[in-house]
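**Student:** I am attaching a structure below and will ask some questions about it afterwards.
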């Protein structure tokens, strides 16, 4: 998929965070439920990828349908217990980067291109 007027851009947030290695199992255990709860209040969360870089460093890559998707999600996050449990396992956010997804070969992009 390439960004075009027919296929508007997705907005990407990349959190680089530290997680205690002793909490990695708990993080992975709560992740699916947390994302499910997040999507229940904000279906504009299109994708959520969790990447372990090393024993302590993780990337959380979130893809939203709008530039303010993360703000809208966080406005409702107080009522999402699994999301709270997941955030509690993060020892600290090292950086936050934002961008616009300009090209993707992911499953949703392939499905769109095949349908054309």
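The values are calculated or read from the model by the stated rules, or taken from the named source; none is laboratory data. Note that the structure is predicted; figures quoted are calculated from it, not measured. Virtual Cβ from ideal backbone geometry, glycine too; neighbours counted across all protein chains shown.
**Student:** Select from segment 84-93 the residues that are surrounded by 14 or more Cβ atoms within 10 Å (Cβ to Cβ) and touching a residue at least 12 places away in the same chain (Cβ under 8 Å) and write down the one among them that is farthest from residue 33 (Cα to Cα). Working first, answer last.
**Tutor:** Step one: list which residues in segment 84-93 are surrounded by 14 or more Cβ atoms within 10 Å (Cβ to Cβ), which gives 84-87, 89-90.
Right, trim to touching a residue at least 12 places away in the same chain (Cβ under 8 Å) and you get 85-86, 89-90.
Working: 85: 10, 86: 9, 89: 14, 90: 16 Å.
Taking the candidates together, the pick is 90.
**Student:** Taking into account only those residues within segment 1-17 that are at pLDDT below 50 and part of a strand (DSSP E or B), which is nearest to residue 56 (Cα to Cα)? Show your work before the answer.
**Tutor:** Let us first name the residues in segment 1-17 that are at pLDDT below 50, namely 1-5.
Filter once more, so that each one left must be part of a strand (DSSP E or B): 2, 4.
Working: 2: 34, 4: 38 Å.
The residue in question is 2.
**Student:** Mind listing whichever residues of segment 33-56 are more than 11 Å from the chain's Cα centre (by Cα) and not in a loop (DSSP other than H, G, I, E, B)?
**Tutor:** Within segment 33-56, the first condition is being more than 11 Å from the chain's Cα centre (by Cα), and the residues that meet it are 33, 36-37, 40-43, 52-56.
Within segment 33-56, 33, 36, 37, 40, 41, 52 meet the criteria.
**Student:** With 30, 63, 41 as the choices, which residue is buried (at least 17 other Cβ atoms within 10 Å of the Cβ), more than 20 Å from residue 97 (Cα to Cα) and in contact with a helix residue (DSSP H, G or I) (Cβ under 9 Å, 6 or more places away or on another chain)? Give the steps one after another, and end with the answer.
**Tutor:** Working: 63 fails: more than 20 Å from residue 97 (Cα to Cα); 41 fails: buried (at least 17 other Cβ atoms within 10 Å of the Cβ).
When all the criteria are applied, what remains is 30.
**Student:** For residue 107, work out the one condition from (1) more than 12 Å from the chain's Cα centre (by Cα); (2) exposed (fewer than 14 other Cβ atoms within 10 Å of the Cβ); (3) modelled with pLDDT of 95 or more it doesn't fulfil.
**Tutor:** (3)
**Student:** Applying the selection to segment 74-99, what residues are touching a strand residue (DSSP E or B) at 6+ places or on another chain (Cβ under 6 Å) and within 18 Å of residue 47 (Cα to Cα)?
**Tutor:** 96, 97, 98, 99
**Student:** Residue 49 passes all but one of (1) at pLDDT 95 or above; (2) surrounded by 15 or more Cβ atoms within 10 Å (Cβ to Cβ); (3) within 21 Å of residue 105 (Cα to Cα); which number fails?
**Tutor:** (2)
**Student:** Output yes when any residue across segment 57-80 is part of a loop (DSSP other than H, G, I, E, B), modelled with pLDDT under 95 and under 12 Å from the mean Cα position of the chain (by Cα), and no when none is. Give the steps one after another, and end with the answer.
**Tutor:** Keep residues of segment 57-80 that are part of a loop (DSSP other than H, G, I, E, B), which gives 65-68, 80.
The next check asks that each one be modelled with pLDDT under 95; those that pass are 65-68, 80.
Now drop any that are not under 12 Å from the mean Cα position of the chain (by Cα), which leaves 65.
Checked against the condition, which is being part of a loop (DSSP other than H, G, I, E, B), modelled with pLDDT under 95 and under 12 Å from the mean Cα position of the chain (by Cα), segment 57-80 yields at least one hit.
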